[in-house]
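The values are calculated or read from the model by the stated rules, or taken from the named source; none is laboratory data. What you see is a predicted model; the values in this text were computed from it and never measured. A quick note on method: Cβ atoms are made from the backbone with ideal geometry, for glycine too, and the neighbour counts reach across all protein chains shown.
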Amino acid sequence: MKNIYCISIVLIAISICLVWSETNVTPSEQCEGQNFEGLRERIQVKPCSKKGCKLRKGTNTTVIFKFKPEHEVKTLVNDVYAIVAGLPLPFLGVTGASACAHVTRSSDGSPVSCPLAAGEEYTYSNVFPIESYYPNVDLRVHWALLDGKKNVICFEVPAVITPARRN
Ligand SMILES: *[C@@H]1O[C@H](CO)[C@@H](O)[C@H](O)[C@H]1NC(C)=O
């Protein structure tokens, strides 16, 4: 009886490990009224599981995504916020900042500067800290790059802010 108990614990542990190891999928969703092709394949937020992204206080979250502007982009501004209980809250240092310096050319990883050319694929990457004073809440991260009022790319991911790991 004891052996069966031990074996099932081991099996459960193994399956949990398997689930966690294939978690490099970001469950990104379209923003309201938008429809960007192949959104799931383009967006990578770390760390995430299939259900959502876990933003642990005291750690950094990495956001990487590819986009291809349809028109020449003169200015590129981060329109990033957390939607908590229906209210938008800014991420400090990200919201409203210029995004051009975070963009590279997808083909060779070389840095670019704005304006960006139409039809070329670009990669955006950014790392931002989860501050200790953020509330522990479920939220949606809304991430868009704006050229004026137009979305060059936009996605949302469900996320949760969790307490810092204790040492
Ligand atoms: C988060 O990123 C900043 C800036 O790149 C770095 O200085 C810091 O050490 C990182 N923190 C962690 C916990 O990785």
Within region 95-112, identify whether any single residue is β-branched (Val, Ile, Thr), modelled with pLDDT under 95 and within 15 Å of Leu146 (Cβ to Cβ), and answer yes or no. yes
Do we have any residue at all in region 101-108 that's within 16 Å of the ligand (Cβ to nearest atom), out of contact with any Leu (no Cβ under 7 Å at 6 or more places or on another chain) and without any contact (Cβ under 8 Å) to a residue 24 or more places away in the chain? yes
Can you confirm whether Ala97 is out of contact with any Ser or Thr (no Cβ under 8 Å at 6 or more places or on another chain) and either touching a residue at least 60 places away in the same chain (Cβ under 8 Å) or more than 16 Å from the ligand (Cβ to nearest atom) (or both)? no
Considering (1) farther than 15 Å from Ile64 by Cα; (2) within 16 Å of the ligand (Cβ to nearest atom), say which one Pro135 fails and leave the rest. (2)
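Looking at region 108-167, which of the residues that are touching a helix residue (DSSP H, G or I) at 6+ places or on another chain (Cβ under 7 Å) and surrounded by fewer than 18 Cβ atoms within 10 Å (Cβ to Cβ) is nearest to Lys54 (Cα to Cα)?
Ser125
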When the residues of region 67-87 are narrowed to those that are free of Cβ contacts under 8 Å to residues at least 60 places away in the same chain and surrounded by 14 or more Cβ atoms within 10 Å (Cβ to Cβ), which ends up farthest from the ligand (Cβ to nearest atom)? Lys68
Candidate set from region 22-66 (those that are surrounded by fewer than 15 Cβ atoms within 10 Å (Cβ to Cβ) and small (Gly, Ala, Ser)); member that is nearest to the ligand (Cβ to nearest atom): Gly58
